[in-house]
Amino acid sequence: MYSDSSCVAACGHEFRQKMKCLTWNLEWKTPASLAGRLIQEQVATLDPDVRCYTEVVRTLIPEGYCLDADPDYGYPNKGGRRNA
């Protein structure tokens, strides 16, 4: 385990990098809701490198690389919702 986000590569050089990670349960908020707009604003302000959302209405989150669940995850889907 490396401390303070540092590691020593095989060549002996030390690299220090920090990565901002965000995890957030969006509780099915939509982009049209006040809460949804505030979430979008806060995420833009934080500007994380990695985002992990749960209980997501897909249109709320920014475009980009996305890994999400299949709509059929064992119980009825309410259009556009994803659990992972």
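The values are calculated or read from the model by the stated rules, or taken from the named source; none is laboratory data. Every value quoted in this text rests on a predicted model; they were computed, and no experiment measured them. For neighbour counting, all protein chains shown are included, and Cβ atoms are generated from backbone atoms with ideal geometry for every residue, glycine included.
Brief remarks on what is shown
- Failed item, numbered, when residue 82 is tested on (1) at pLDDT 85 or above; (2) of a type in the set (Lys, Arg); (3) surrounded by 13 or more Cβ atoms within 10 Å (Cβ to Cβ): (1)
- Selected residue (criterion: modelled with the lowest pLDDT) from residues of segment 3-28 that are in a loop (DSSP other than H, G, I, E, B) and surrounded by 10 or more Cβ atoms within 10 Å (Cβ to Cβ): 5
- Pick from segment 55-79, criterion closer than 24 Å to residue 18 by Cα and surrounded by fewer than 13 Cβ atoms within 10 Å (Cβ to Cβ), ranking: modelled with the lowest pLDDT: 65
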